[in-house]
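Participant: Questions regarding the structure given below will be posed in turn.
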Amino acid sequence: MGRVCADCHRDLPRTSYTTNQWSKGQGVSRCASCVHGHHSDAPAAAPLPDAGRYNLSEQATFSHYELDNPFSSGAFRWVAKGRYEGGSRSGQACVLKWFKTGEVFEQDYFTLDIRASGKALEIVNYFNHLNIVDKTVKVNVPAVWTFDAFSGHRAGQKALCEPFIQNYQKFNSNTGWADESRPWARAMQALSHFSYHVTRGNYVLCDLQGGIYQHEVVLSDPVILSRVGEYGVTDLGPQGISSFFSQHTCNSYCRPNWTRPANPLRHFAPVPGTTMIRRDVPTAGSRPTRTRFYG
């Protein structure tokens with residue numbers, strides 16, 4: 001349950017108010033930012049440049065060895081490296097992501113992964129627009145692709161495909177852990193804080209990871225924490241939001257007017273890995289063994 005701030009007229013969750021201000025009641029309560037004399041960033045007046053990084057190809061090739069020996073293993077997915085065929089990314093590297101045995105409902109997660117990337121892109125576009133850092137933040141936008149008829153027992157099954165990222169590293173997690181030892185890592189912490197502010201306390205963009213390039217940083221697999229747990233097993237809900245801010249200390253990239261919960265509490269241990277809350281009964285799956293073509 002939220003309340004409209006008497007000063008800035010934003011509909012904010014209870015955590016954006018101090019106990020004293022909340023007790024004053026509807027129409028009188030002032031959010032923490034207004035109490036401290038801060039003001040929210042004005043919304044963009046025009047469509048913003050798209051910071052999405054897309055496949056731009058409709059087919060890719062993965063060797064038998066890559067699929068049998070994925071180069072990366074996340075909390076619940078395997079990741080294999082291949083090459084795009086056709087389109088403007090032809091010949092460039094890409095990655096294929098599919099589920100380990102016994103994990104979440106695949107189709108539900110595919111849908112939520114695409115949605116989370118879309119929400120992340122919306123937030124990142126505005127972050128870039130405000131020139132908070134002097135380089136561009138981009139987001140890999142995955143697409144759900146289907147193994148073709150030449151893929152053996154995997155034919156017709158689905159997985160996620162997106163452009164390959166070099167120099168991959170983790171900046172923060174969905175439980176409040178963060179590596180703030182380097183400037184870009186601190187900038188990513190600020191992006192997470194900004195996401196809470198710009199969405200009026202309803203979302204936090206976190207679990208930020210990706211690669212640093214000469215003129216940009218590219219993110220992949222972001223997590224959205226929401227007030228109602230609408231983004232699946234990695235969305236730790238309001239407790240996740242509270243846990244993030246219980247660990248967050250504003251740095252030089254954070255702006256003093258950005259809203260934050262008044263009294264955040266730690267509900268999860270801050271760990272580097274992605275933490276999941278299982279809401280569905282897991283389904284069985286299998287690793288591809290002899291799949292070559294995927295498009």
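Participant: Give me a comma-separated list of calculated 3J(HN,Hα) values for the range 255-266, in order, Karplus coefficients 6.51, -1.76, 1.60 applied at θ = phi - 60°, integers in Hz, x for any Gly or Pro.
Facilitator: Result, ordered by residue: 9, x, 7, 6, 5, 8, x, 5, 9, x, 10, 8 Hz.
Participant: Go ahead and run the numbers for FRET between Phe71 and Asp11, Cβ-Cβ distance against an R0 of 35 Å, rounding to 0.05.
Facilitator: Numbers: r = 45 Å, r/R0 = 1.29.
Efficiency at R0 = 35 Å is approximately 0.20.
Participant: Hey, another quick one. What is the sum of charges around Ala116, taking Lys and Arg as +1, Asp and Glu as -1, for the other residues whose C-beta is under 10 Å from the C-beta of Ala116?
Facilitator: Around Ala116, the surrounding residues sum to -3.
Participant: Report Rg(Cα)/(2.2 N^0.38 Å) for the range 85-210, keeping two decimals.
Facilitator: 1.21
Participant: According to a simple spin-label model (label point 7 Å from Cα along Cα-to-Cβ), what is the distance in nm between Arg266 and Thr136?
Facilitator: 3.9 nm
Participant: Sort the following peptides by mean Cβ neighbour count (other Cβ atoms within 10 Å, averaged over residues), highest first: 184-197, 203-216.
Facilitator: 184-197, 203-216
Participant: What are the semi-axes of the equivalent ellipsoid for the range 153-195, taken as the square roots of 5 times the Cα gyration tensor eigenvalues, largest first, in whole Å?
Facilitator: After diagonalising the Cα gyration tensor, the semi-axes are 31, 13, 10 Å.
Participant: Let me ask something else. Please report the net charge: other residues with Cβ closer than 11 Å to the Cβ of Phe245, K and R +1, D and E -1.
Facilitator: Here the charged neighbours net out to +2.
Participant: Here's another thing I want to ask about it. Cα centroid distance between the range 181-217 and the range 104-164, in Å?
Facilitator: Using only Cα atoms, the two centres lie 17 Å from each other.
Participant: Shifting gears a bit: For the range 155-240, which whole percent of the accessible surface, found with a 1.4 angstrom probe, sits on carbon and sulfur atoms?
Facilitator: Numbers: 1200 of 2530 Å².
About 48 percent, which is the carbon plus sulfur part of the accessible surface.
Participant: Moving to a separate point now. Please give the FRET efficiency for Asn257 paired with Ala93, using the beta carbon to beta carbon distance and R0 = 35 Å, rounded to the nearest 0.05.
Facilitator: Working: r = 41 Å, r/R0 = 1.16.
In this case the efficiency is close to 0.30.
Participant: Using mean Cβ contacts within 10 Å as the protection proxy, how do 56-63, 268-275 order, highest first?
Facilitator: Packing proxy ranking, top to bottom: 56-63, 268-275.
Participant: What pairs from Lys97/Lys135; Lys138/Lys170; Lys138/Lys158; Lys97/Lys138; Lys24/Lys119 go past 22 Å between their alpha carbons?
Facilitator: Check vs 22 Å cut-off fails for Lys97/Lys135; Lys138/Lys158; Lys24/Lys119.
Participant: Stretched out fully, how many nm does the piece from Thr61 to Gln26 gain, at 0.36 nm a residue minus the Cα gap?
Facilitator: 6.7 nm
The values are calculated or read from the model by the stated rules, or taken from the named source; none is laboratory data. Every value quoted in this text rests on a predicted model; they were computed, and no experiment measured them. Ideal geometry is used to build each Cβ from the backbone, glycine not excepted, and the neighbour counts take in all protein chains shown. Side chains included, ligands, DNA and RNA excluded: accessible areas come from the protein's heavy atoms. Shrake-Rupley method; radii C 1.70, N 1.55, O 1.52, S 1.80 Å.
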